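The values are calculated or read from the model by the stated rules, or taken from the named source; none is laboratory data. Everything numeric here is computed off the predicted structure, so don't read it as measured data. Backbone-built Cβ (ideal geometry, glycine too); neighbour counts: all protein chains shown.
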Amino acid sequence: MSVRVRFAPSPTGSMHVGNVRTALFDVLLARSLGGSFVLRVEDTDRNRYDPQSLEDIYGSLRWLGLTWDEGPDIGGPHAPYVQSERLERYQVAAERLLSGGHAYRCYCSSQRLAQLRESGHVGYDRHCRDLSEEQRRSGEASGSGSVVRLRVPEEGSVGFEDGILGTVERAAADITADPVLLKSDGFPTYHLAAIVDDAEMEISHVLRSQEWVPSTPIHLLVQEALDLPRPAYLHLPPVNGPDGRKLGKRHGATAVAEFRERGYLPEAMVNHLALVGWSPGDDRELFSFDELAAAFSLEGINKAPGIFDHGKLDWFNGQHLRRLDDAALAQRVRPYLAEAGVDVGGALDAAAALIRERLTVLVDAPQWLSFLGQDPRLSAAELTPKRLDAAATAQLLRAAQPLLEPVWAGADAADDAVDASLRQLADDHAAKFGDLMMALRMAATGSKVSPPLFGTMRVLGAEATRRRIARAIDTLTAAANANGGATSD
RNA sequence: GUCUCCAUCGUCUAGCGGUUAGGACACCGGGUUUUCAUCCCGGCAACAGGGGUUCGACUCCCCUUGGAGAUGCCA
């Protein structure tokens, strides 16, 4: 039997890291076993349906490189892949269950159900389970519609072998009492739709969140009643928020789209996500997508819930950022620079290379290159290293100026020589090399923190750099004269 | 309330009866360095508790505790 896995999101909200982790495991399983990955949209809840959510789902999956072999947009042998377009199938299935005595029509009003709840009763009281012909007729006659409920046996138990949890057994009495399979609006609930579709789409492995374990017996009952094959069930451990609770609205940044905007690489997201709930069994941490597909196996999946740790994601992002070559990094960084209005001219690749080691997320890129903006306006005090005074600093800068020229000659070929000549210069003036560099850094970038200076100067350009240093010399000289040569502090 | 699942450093995890309980992130030191960062080295830090089983339990069983989930005409 061929391996076929499906990811079946419902378009009712944005895709969060937990959902996408499931999708990732789906893809990894399919890829590692040479199977197919099916995307199916479960839009059977008309009230919560959100068209924007669908875009978010597609966008998030694509961004992460989790591409499907069959799905709503590309079709496939079992199209359509949108449940709202498959209603007849569920209705037919419901009819079969009805005629086979495995399900029954329920005429209870939502008011009655609400009352039941308020009175403290948990679950459905099976009020319509064994209606007389007469009661049934009056129910139909009332015209207020009906739902189809599964007739869950009252005795015995239902069990299955979960691929991750092992044997799961549940007493019939503990199974949700007669869940609704077909709603009064003619749409199926998950319990019917997913089972029918999984069978029809020949799904071999169902990977889904552990929250589904309690309702799996329902699914088995439906399957059995419909005489459908049973796929392997693998219930994945949940991915919880930092507080250890189920991911939800209160957890801030959990939407995949948000991570994307903040400049996390899809490679890093995938890498980190894969390691929450799965382990290769050895000490490896850094993986490319292909490496994951190669290493992935069901045995490595964990049972215990995990927390999506943002700190580790940062680390992964840095690692993957550093794996990008100049051109690739430049492309990733470009939109963020444009957004922030930082103009690097034709030096995008060089600029990217300059900040690679300093980036955690792409949104940080603009501030590392902010020296490209206006010429800094600095006071003599700001320009003067602690161990020097204005006069000495001016003198150093003046002497350093010509020595910097080779920096612009080409790539970084001359940097070592420039470095050596500047060290010599500092030495000659009985100054610290670090102080000289800091004075140059302040003059050229207006900041005590910058990427490596020579590269920074190259990206800034010869003209701007010379201008800024000249200006700094002027400022320092003026201050030195005013002070009559005294300390400029 | 009832049912289900889960339980190793703060976090992600390795371990599948005999280990100084390993790695990674974070954190704290130190080193390299032109600032920042990277990088390198070192340190801190865990088997929830109690019973069994066994010559021997982190590993197997039970209970307790803790956490999570389910209990919808949501998925």
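To keep it simple, each residue is scored yes or no on (1) loosely packed, with under 14 Cβ neighbours inside 10 Å; (2) more than 26 Å from A:MET15 (Cα to Cα); (3) within 8 Å of RNA strand B (Cβ to nearest atom).
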site: A:ASP325; (1), (2), (3): yes, yes, no
site: A:GLU339; (1), (2), (3): yes, no, no
site: A:GLY346; (1), (2), (3): yes, yes, no
site: A:ALA352; (1), (2), (3): no, yes, no
site: A:VAL361; (1), (2), (3): no, no, no
site: A:ASP364; (1), (2), (3): no, no, no
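Of the residues A:SER53, A:SER84, A:SER14, A:SER32, the single one that is closer than 25 Å to A:GLU291 by Cα and among the small types (Gly, Ala, Ser) is A:SER32. When the residues of the range A:4-39 are filtered to those that are out of contact with any Lys or Arg (no Cβ under 6 Å at 6 or more places or on another chain) and of a type in the set (D, E, K, R), the one that is farthest from A:ALA199 (Cα to Cα) is A:ARG21. Exactly one residue among A:ARG126, A:ARG149, A:ARG208, A:ARG170 is assigned to a loop (DSSP other than H, G, I, E, B), surrounded by 13 or more Cβ atoms within 10 Å (Cβ to Cβ) and of a type in the set (Lys, Arg), and that residue is A:ARG126.
Touching a residue at least 60 places away in the same chain (Cβ under 8 Å), under 25 Å from A:ASP325 (Cα atoms) and crowded, with 16+ Cβ neighbours inside 10 Å: is that true of A:PRO451 in this structure? Against the criterion (touching a residue at least 60 places away in the same chain (Cβ under 8 Å), under 25 Å from A:ASP325 (Cα atoms) and crowded, with 16+ Cβ neighbours inside 10 Å), A:PRO451 qualifies. If you go through the range A:287-316 and keep only what is within 10 Å of RNA strand B (Cβ to nearest atom) and polar (S, T, N, Q), you end up with just A:ASN302. Screening A:ALA439, A:ALA417, A:ALA399, A:ALA426 for residues that are in contact with a Gly (Cβ under 9 Å, 6 or more places away or on another chain) and part of a helix (DSSP H, G or I) leaves exactly one candidate, A:ALA426.
Results for (1) away from RNA strand B (no atom under 15 Å from the Cβ); (2) within 23 Å of A:GLN367 (Cα to Cα); (3) under 46 Å from the mean Cα position of the chain (by Cα), shown as yes or no for each residue.
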| position | (1), (2), (3) |
| --- | --- |
| A:GLU382 | no, yes, yes |
| A:ALA390 | yes, no, no |
| A:ALA394 | yes, no, no |
| A:ALA426 | no, no, no |
| A:LYS432 | no, no, no |
| A:ALA439 | no, yes, yes |
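Any residue in the range A:262-281 that is charged (D, E, K, R), assigned to a helix (DSSP H, G or I) and out of contact with any helix residue (DSSP H, G or I) (no Cβ under 6 Å at 6 or more places or on another chain)? No, the range A:262-281 contains no residue that is charged (D, E, K, R), assigned to a helix (DSSP H, G or I) and out of contact with any helix residue (DSSP H, G or I) (no Cβ under 6 Å at 6 or more places or on another chain).
Close Cβ contacts (under 7 Å, 6 or more residues apart or on different chains) running from residues in the range A:23-48 that are within 15 Å of A:GLY75 (Cα to Cα) and assigned by TED's automatic domain parsing to the domain that holds A:ALA199 to residues that are acidic (Asp, Glu) and within 16 Å of RNA strand B (Cβ to nearest atom) are absent.
Here A:ARG260 does not fit the description of being more than 11 Å from RNA strand B (Cβ to nearest atom), of a type in the set (Lys, Arg) and under 30 Å from A:SER99 (Cβ atoms). Restricting attention to the range A:173-193, the residues that are crowded, with 18+ Cβ neighbours inside 10 Å and within 14 Å of A:VAL213 (Cα to Cα) total 3.
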